[in-house]
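Worksheet for the structure shown next.
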């Protein structure tokens, strides 16, 4: 009897393994994204995917679980999770994903995400900063290695300044706000949510809303090479779910609903309305990997190398993998939507 | 027991003390190739050695060590001297002991890292909050060890001071402090050790120099070898500081014999 039980158990396990291999699907897809500083909710396209349960819907019939982890440590924390082998799919900002790839992370760039992420520079009223030029010699708080760090460099370059012309203070989130409120720094660069301005403790200096899209922050959807090799069809379906979210966000008629999703991150509706005012949603949420995004990332790699943020360059063309998005766009009938 | 027998055992002890670190080093180097941990997360020792050599060559490491040591020295002096004075005051005055000791013990319950946001708000992001943060770390071991040392000065020392008619300054310098010196020195050792550990915490916030900053930079730029290099340097300098103080302590208190473990 015992022999039979042992035989049946082994046979069961073998058949399950064979079945799993035949189906070629993982039991779980581990997705990581940058968490907002407020509530446990992702921003932008990730927020829509999360809110509408698009990944869960896509894989419901396959019995594949979606394990979403939001990292408060922003891009650097997502890179660490990728290095530790804790993620299959990662959503991350432009500069951090370049830093990660240059540092040896074996990832592929499979989809664009949130192209027009605006940055806002605010200053203490007594700091006498009214324009980008006035930043010279001032103490500016920025979270180094994040996409706002890159944006700050681009903005400084617009007026002929570099990081060396200012005093960068490496702070983020609440610490940066506290430092500005107490006069420890003269200015900070951050997102659209600016409670200090609303409280009269800081004044707006500059924001990127009217800048060309190339100057704004952008995000990326990455897949680990290992996962992509094992489950190419699953990766295509992950991409498809994100394209659905991008398509939904690109439509003006969904703007109100979009605000509702974004406020789940803890951002104020008022800030979001101001941030999105006059923005071309189709351009902002264009996920396609086009010549513009390749050129933009080549610039980022050059900048990061020049600024000694990365030790070695890498080939952006080799890193980008359009194959998943091209098929997914075709299947959704959206191959011409963002062109 | 013959001298050669003791010598043999001393060598054996030293060998045993080397075996574990050596095995750990081998395991560490093999962790990547054996796919136990990604080399991107745990930099192998040989790569680390090259990074350290580069950092020394470029002068970056030396500059950061000097900045951190300066912060440690100032923070330690401020924190340890404050603790020393408060320890003496509480040790000598039963009234002040009753008044201040419960307060000091209560404030000690606040986790040290919880002070940092408040320090930034109060004192900006310059050097001052970092020095105060390190000083907080150095303060507690010093105040408690000084207080305990003074409380533990034998009663007959006080009687002797009365016989010699020692008052105030002479009483303090000839009887109290010498009597409490072993405990005070333990406080100094702990204070300095904690100051060195706290410097890393101090440099996590709004900093652009120092070993702690170098580690944070390495983390944000996904250059984990910089983080590991910082760890190695902190450990090595902490070890050297402790070693120097141990030698001083042994020389100062050579008359004191203490039980060091083992069976005679």
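Readers should treat all values here as calculations from the given coordinates under stated rules, not as data from a laboratory. Remember, predicted model here, so these are calculated numbers, not experimental data. Positions of Cβ are backbone-derived with ideal geometry, glycine not excepted, and every protein chain shown enters the neighbour counts.
Annotations
- Residue order, fewest to most surrounding Cβ atoms within 10 angstrom, among B:253, B:205, B:76: B:253, B:205, B:76
- Per-peptide packing, taken as the mean over residues of other Cβ atoms within 10 Å, places B:121-128, A:287-294, A:124-131 in the sequence A:287-294, B:121-128, A:124-131 from highest down.
- Look at B:142, B:215, B:197 and count the other Cβ atoms within 10 Å of each Cβ; fewest to most, that gives B:197, B:215, B:142.
- Equivalent ellipsoid semi-axes, the range B:50-251, via Cα gyration tensor eigenvalues times 5, rooted, Å: 38, 20, 11
- Highest-fluctuation residue, A:94, A:114, A:134 considered, GNM on chain A with Cα pairs under 10 Å: A:134
- Cβ-Cβ distance of residue A:198 and residue A:290, R₀ of 25 Å, FRET efficiency by 1/(1 + (r/R0)^6): the value works out to about 0.10.
- Solution diffusion estimate, µm²/s, Stokes-Einstein, the range B:1-128, Kirkwood Rh from C-alpha pairs, 25 °C, viscosity 0.890 mPa s: 118 µm²/s
- Antiparallel bridge percentage (DSSP; both residues within the range A:120-207; nearest 5): 55 percent
- Among B:45, B:129, B:102, the residue with the largest mean-square fluctuation in a Gaussian network model of chain B, with springs joining Cα atoms closer than 10 Å, is B:102.
- Model label sites at residue A:337 and residue B:14, defined 7 Å from Cα along the beta-carbon direction, differ in position by 7.4 nm.
- Listed residues B:153, B:143, B:110, most fluctuating in chain B (Gaussian network, C-alpha, under 10 Å): B:110
- Using every pair of separate Cα atoms, the Kirkwood estimate puts the hydrodynamic radius of the range B:133-264 at 17.6 angstrom.
- Scattering curve values for chain A, log₁₀ I(q)/I(0), Debye with Cα scatterers, q = 0.08, 0.15 Å⁻¹: -0.40, -1.27
- For chain A, the share of DSSP beta bridges that are antiparallel, to the nearest 5, is 55%.
- One chain, two ends: residue B:128 and residue B:252. Fully extended at 0.36 nm per residue, the span grows by 41.3 nm beyond their Cα-Cα distance.
- Annotation: the residues A:106, B:130, sorted from fewest to most other C-beta atoms within 10 Å of their own C-beta, follow the order A:106, B:130.
- Whole-percent pair-distance distribution, where bins are 5 Å wide, for the alpha carbons of the range A:120-207: 3, 17, 31, 29, 16, 4, 0
- Partner shielding of B:44-50 amounts to 0, given as the average count of beta-carbon atoms from other chains within 10 Å of each residue beta-carbon.
- Nitroxide proxy distance, nm - points 7 Å out along Cα→Cβ at residue A:62 and residue B:74: 5.8 nm
- Dimensions (Å) - the range A:218-339, Cα atoms, principal axes, largest first: 42, 39, 27
- Angle in degrees between helix B:3-31 and the longest Cα principal axis of chain B, rounded to the nearest 10: 50 degrees
- Taking 0.36 nm per residue of separation and subtracting the current Cα-Cα distance, fully stretching the chain between residue A:24 and residue A:210 would add 62.3 nm.
- Across the range B:179-238, the fraction of Cα-Cα pairs farther apart than 19 Å, rounded to a whole number, is 39%.
- Two-site FRET efficiency, residue A:69 against residue A:323, from Cβ-Cβ distance with R₀ of 35 Å, rounded to 0.05: 0.85
- Ratio Rg/Rh, restricted to the range B:69-137 and using Cα atoms, in which Rh is the Kirkwood radius: 1.04
- Residue A:269/residue B:232 FRET efficiency (R0 35 Å; Cβ-Cβ; nearest 0.05): 0.10
- Descending semi-axes in Å of the protein assembly as shown, equivalent ellipsoid built from Cα gyration tensor: 54, 34, 22
- Degrees, to the nearest 10: B:224-252 long Cα axis against longest axis of chain B: 30 degrees
- Chain B, helix-only ellipticity at 222 nm - DSSP H runs n ≥ 4, -39,500 (n - 2.57), divided by all residues, nearest 500: -26000 deg cm²/dmol
- Summary of the geometry: the range A:153-194 and the range B:44-96, compared by the centres of their Cα atoms, lie 29 Å apart.
- Degrees, to the nearest 10: A:147-158 long Cα axis against longest axis of chain A: 40 degrees
- Residues listed by number, the range B:81-125, amide nitrogen under 20 Å from residue B:162 label point at 7 Å toward C-beta: B:91-95
- Projected label points at residue A:315 and residue B:25, each 7 Å from Cα along the beta carbon direction, are separated by 4.0 nanometres.
- Taking the DSSP beta bridges with both ends in the protein assembly as shown, the antiparallel portion is around 55 percent.
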